Structure formats: C-alpha cells, structure tokens
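Engineer: Here it is, the structure, as structure tokens.
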Amino acid sequence: MTEPLILANATLVLPGETRVGSITLTDGVITDIADGASVPKGAIDLGGDYLCPGLVELHTDNLERHIQPRPKVDWPHAAAIIAHDAELAGTGITTVFDAMRVGSIKAAEARYGAYARSLASELLELRDQDVLKISHFLHLRAEVCSETLVNELNEFGDADRVGLVSLMDHTPGQRQFRDMSKLEAYVKGKHGFDDDGFKAHVAGLKRMRDTYGDLHEVEAVKAARRFGAVLASHDDTTAEQVTVSAGHGIHLAEFPTTIEAARACHDHGIKVMMGAPNLIRGGSHSGNVAAKDLAQLELLDVLSSDYVPAALLLAAAQLGELWGDIARGLATVTSAPADAVNLTDRGRIEIGKRADLIRFRMRAGVPALGAVWSRGNRVA
C-alpha cells in the first residue's frame, strides 16, 4: 500500500456541481472526499484551481497522425505510440479509444492499406510493459467501402481491448461529404490526387459500396457484439439513417451532420458526440451542422477532440460558459463519454473511482492545465 496523496484547497468538479474541497488518493483510487479549503500537513495545496476527472477521449485520429506524419512517411510505431501517449497525457486525456481503420482497398491508387492489427499489437505490448502513461482502448473504424473489412475484423479478439466499433460509410455524395467540392478539396489535399486520380477515387468508393456495403454493415455489427464493444454510427445525416442505426443497436452517434439527425438520435435514445474543433472554430470544416447549434438545442452529449487533442478541455470549458454551468460542460468530456462506453470505474470524482484527475485554472477564458494524474501517478 502506497502513502496516500491529498490534493487540497481545490475547486472540485463533482457530478452536477463544483465546490471547494480536497481528495485523497490511495493505490490509484479515490479514497476520500472532504469539503473546505483547509490544507492538511503533507497535502498539495491547489490554491483554488479546478480539480476535475481525467478526460475520456472516444474518437481521435492522433495516433494515425504520429505513425504517418506526412504522406508516404512511415514513422517507427513504438516511438509514435509513446509520443502519442505523452501528447494526450499533456492535454489532460487519461483514457483514450485509439481510432484505427479496418477495411482496406487493394488498388494502388486508393492508398488504403491494412495496418490496424499490427499497430494494435504493438500498442498492447507497450501497455503490458507498463510503458504508457494513460489508459488505452481500441476504437475500430469499420470502413464499409472497402474490400477487406471482414478479414481485418476477424484478426481481433477478446484480448484486444476493443471498446468501440464505428460504422464508417464514406461513399461520396452523402453523409459527411454531401458537398462533393468539400470532398475533392479534402482528398486532393490529403493524398495529392490530380483530377483524374480524384475521379478514380470516387468511382472506386461507389463501386465498393455497391459490392460490399450491405454485407460489411452486417459483419461490423456482428463483430462489435463479439468483442463486447459499443457500436457507433458515423455522420448520420437523415432521420432514416438514424432509424437504421437504431436498428443495429447503436448507442452513440459520432458527428451527425444535421439537426434533423441529431434530434432523431435523441428520439431513439442515442447519445450525440460532436467534435471539439467544430465547437471552437464555430463550425464544421466539412460544412455540416455546428456543434454550438446542437448544444443550444440541448442535442449535444459528448465531445471528442477528433484531430486536435488539446481541443477537448478547451471546448468543454467553452460549453460550460455557453450553458452557464462548468460542471455540465466538463461532464461532456468525463462522465458522459465514460458512460457511453460503459466504463463505470472512471469519469467522476467519487470514492472508489480511478484516481484519474486533472488540475487547471482559467486564464483569459482558456483552461491552463497544471497537472495530470493517471491512477494516482503524476503523468504531466
């Protein structure tokens, strides 16, 4: 048993409220919560700073960015995983569901090769060696517009910590990229396609959807059940698409693109997750619904950092300001995502929960992170 650590004189972010108090951490869990600003001997005086549960991130492409920092540049995976882990810890994220694409296209012009199984094995090996600072789970992004989805899903099993499977349908002209000009700009920028390359890319994806789409949706749903993972939809646009999602047993909607879809999600009891960059920037980079609009309509439940890890805490603080309730805003990145993926041991400051905590104070409307603890250990 380790010596207890007391974090005192903090503004505790508790379920539904904030109040001044202290927390005692013992052997990686919260063992006591007390009210008041007193600082016991040996305690760390937080000087009134916020003390909040560690952030829970359900959808980030950050690891992919580290393993391929530029097109055609492959970085050593172990180094990339460790750097990714440290970056997230430094932004207050203490639990992450690392997004990895499953489902590839063999045609050379598509540039979508398989990588998830080998990368996941390396990540889990580093975790088993206790190299990583924070808690990692897998989020398999199941690309229905692909050739190899079923085979790639079958490479995963019970030991792989697959906590989330999302149905990804990137057929051009619908969902995220209804606006083909937005898709063209994105794909050309990412892959360097010329006009002919882009046309071939679009034709290939449409052909994949016609050939494999329905089968792949069914197999991805089966795989999620086999893993015991939560099933998520991605970029639902219409109420009809949400009805299909509900029929699959989906409980989380990632980035619905319209108010219609978000409202239909709530009608079906599906939680809505939106991107923190969308909220901070004031709109979607793809031209879809603004996260702020959904928040004002009471249709936003969870935030994801998506492609900017540091966006998560900032967006939650901005939501707190928008709603006039900092505890409610921070819940979208702590208890709400934890609940969405059935993690009952974290996401709240409560006795018996994991001692995943962050310290921050507001400076000019921006949360300045002061410290991060994972399982009671200082990691940033």
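Engineer: Please report the relative contact order for the chain, taking Cα pairs under 8 Å with a sequence separation of at least 6, and give it as a percent rounded to a whole number. Could you put the intermediate results ahead of the total?
Structural biologist: Working: 813 pairs, mean separation 74.1, N = 380.
Computed over the chain, the figure is 20 percent.
Engineer: Report, in debye and to the nearest 20, how large the dipole of the range 14-78 comes out about its Cα centre when Lys and Arg carry +1 and Asp and Glu carry -1 on their Cβ. Can you show the working numbers first?
Structural biologist: On the way: 5 positive and 10 negative charges, 55 e Å.
For the range 14-78, the charge dipole is close to 260 debye.
Engineer: Subtract the Cα-Cα distance of Ala78 and Lys41 from 0.36 nm times their separation in residues, and report this length gain in nm to one decimal. Intermediate values should be presented prior to the final figure.
Structural biologist: Values: separation 37, 0.36 × 37 = 13.32 nm, distance 4.16 nm.
Length gained, Ala78 through Lys41: 9.2 nm.
Engineer: Continuing with the same structure: For the chain: lysine pairs with Cα atoms under 27 Å, gap of 8 or more or different chains, count?
Structural biologist: Value for the chain: 27.
Engineer: Size of the dipole of the chain about the Cα centre, Lys and Arg at +1 and Asp and Glu at -1 on the beta carbon, nothing else charged, in debye to 20? Kindly include the intermediate steps, with their values, before the conclusion.
Structural biologist: Working: 39 positive and 51 negative charges, 106 e Å.
Rounded to the nearest 20 debye, it is 520 debye.
Engineer: Over the chain, with the other protein chains present, what is the accessible area per residue in square angstrom, probe 1.4 angstrom?
Structural biologist: 42
Engineer: Per-residue HN-Hα couplings for the range 154-169, Karplus 6.51 cos²θ - 1.76 cosθ + 1.60 at θ = phi - 60°, whole Hz, x for Gly and Pro?
Structural biologist: So the J values, rounded to whole Hz, are 5, 7, 9, x, 4, 7, 9, 6, 7, x, 8, 10, 10, 7, 10, 10.
Engineer: Another question, then. Round to a whole number: what % of the accessible area of the chain belongs to carbon and sulfur, probe 1.4 Å?
Structural biologist: About 50 percent, which is the carbon plus sulfur part of the accessible surface.
Engineer: Further question on the same structure: If I model a spin label as a point 7 Å beyond the Cα along the Cα-Cβ vector, how far apart are those points for Glu125 and Asp293 in nm?
Structural biologist: The modelled label-to-label distance comes out at 4.7 nm.
Engineer: When you count, for each residue, the other Cβ atoms within 10 Å and take the mean per peptide, how do 298-304, 362-368 rank with the highest first?
Structural biologist: 298-304, 362-368
Engineer: Amide H to amide H under 5 Å from Phe137: which residues, 5+ apart in sequence or cross-chain, H placed 1.01 Å off N in plane?
Structural biologist: Val96, Phe97, Asp98
Engineer: Within the range 79-169, list the trypsin sites (Lys or Arg not before Pro) lying in a DSSP loop whose Cβ has at most 13 other Cβ atoms in a 10 Å radius. Before the final figure, lay out the partial values.
Structural biologist: Values: sites: Arg101, Lys106, Arg111, Arg117, Arg127, Lys133, Arg141, Arg161; in loops: Lys106, Arg111, Lys133, Arg161.
Of the trypsin sites (Lys or Arg not before Pro), the ones in loops of the range 79-169 whose Cβ has at most 13 other Cβ atoms within 10 Å are Lys106.
Engineer: Any idea what angle helix 116-128 forms with the longest principal axis of the chain, computed on alpha-carbon atoms, 0 to 90 degrees, nearest 10?
Structural biologist: 20
Engineer: Under a point spin-label approximation (7 Å from Cα along Cα-to-Cβ), what is the Arg281-Arg225 distance to one decimal in nm?
Structural biologist: Simple spin-label model gives 3.8 nm for this pair.
Engineer: Rounded to the nearest 500 deg cm²/dmol, what is the calculated helix-only ellipticity per residue at 222 nm for the chain, with -39500 (n - 2.57) per DSSP H run of length n ≥ 4?
Structural biologist: That comes out to -11000 deg cm²/dmol.
The values are calculated or read from the model by the stated rules, or taken from the named source; none is laboratory data. Please read these numbers as outputs of a predicted model, since none were measured by experiment. Please note: Cβ atoms are built from the backbone with ideal geometry, for glycine as well, and neighbour counts cover all protein chains shown. Note: areas computed on protein heavy atoms with side chains; ligands, DNA, RNA excluded. Shrake-Rupley method; radii C 1.70, N 1.55, O 1.52, S 1.80 Å.
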